[in-house]
Amino acid sequence: MKTGLQMHIIHPRDVYYFEAVDHKVFIYCREKVYESRQGLCELEMEYESGDFFRASKSSILNVAQIQSLLLHPRRCAGDPLAVAVH
């Protein structure tokens, strides 16, 4: 993946999720967060055959990294969803 001025080799299994914030896309891994030069649509197409799921307009999750989901009993539509990863 190209990030900023450098190119990093990031294995898909090491990615927890991709997130778009303020017209930038970030790659969240266990030890580090990278900024990607690719958009979420490009990443979604690139990883659609893997364990990745477009969870919202601004995020793509690696479902292989999800350990559990925690829902608040009074959670309303639009409230954040807590997700625990390995």
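Selection of the stretch 39-53 for residues being touching a strand residue (DSSP E or B) at 6+ places or on another chain (Cβ under 7 Å) and in contact (Cβ under 8 Å) with a residue 12 or more places away in the chain yields GLY39, LEU40, LEU43, GLU44, ASP51, PHE52.
Of the residues making up the stretch 2-34, those that are surrounded by 17 or more Cβ atoms within 10 Å (Cβ to Cβ) and either of a type in the set (D, E, K, R) or modelled with pLDDT under 90 (or both) are THR3, GLU19.
Residues in the stretch 65-81: is at least one among the small types (Gly, Ala, Ser) and either buried (at least 16 other Cβ atoms within 10 Å of the Cβ) or at pLDDT 80 or above (or both)? No, the stretch 65-81 contains no residue that is among the small types (Gly, Ala, Ser) and either buried (at least 16 other Cβ atoms within 10 Å of the Cβ) or at pLDDT 80 or above (or both). Would the stretch 1-14 turn up any residue that is of a type in the set (D, E, K, R) and in a loop (DSSP other than H, G, I, E, B)? Within the stretch 1-14, not a single residue is of a type in the set (D, E, K, R) and in a loop (DSSP other than H, G, I, E, B). Tallying residues that are closer than 10 Å to VAL25 by Cβ and either touching a helix residue (DSSP H, G or I) at 6+ places or on another chain (Cβ under 9 Å) or among the polar types (S, T, N, Q) (or both) within the stretch 37-58 yields 2.
Within the stretch 35-51, the set of residues being modelled with pLDDT under 90 and loosely packed, with under 12 Cβ neighbours inside 10 Å comprises GLU48, SER49.
The values are calculated or read from the model by the stated rules, or taken from the named source; none is laboratory data. In this text, all values refer to a predicted model and were calculated from it rather than measured experimentally. When we count neighbours, we look across all protein chains shown, and the Cβ atoms used for this are built from the backbone with ideal geometry, even at glycine.
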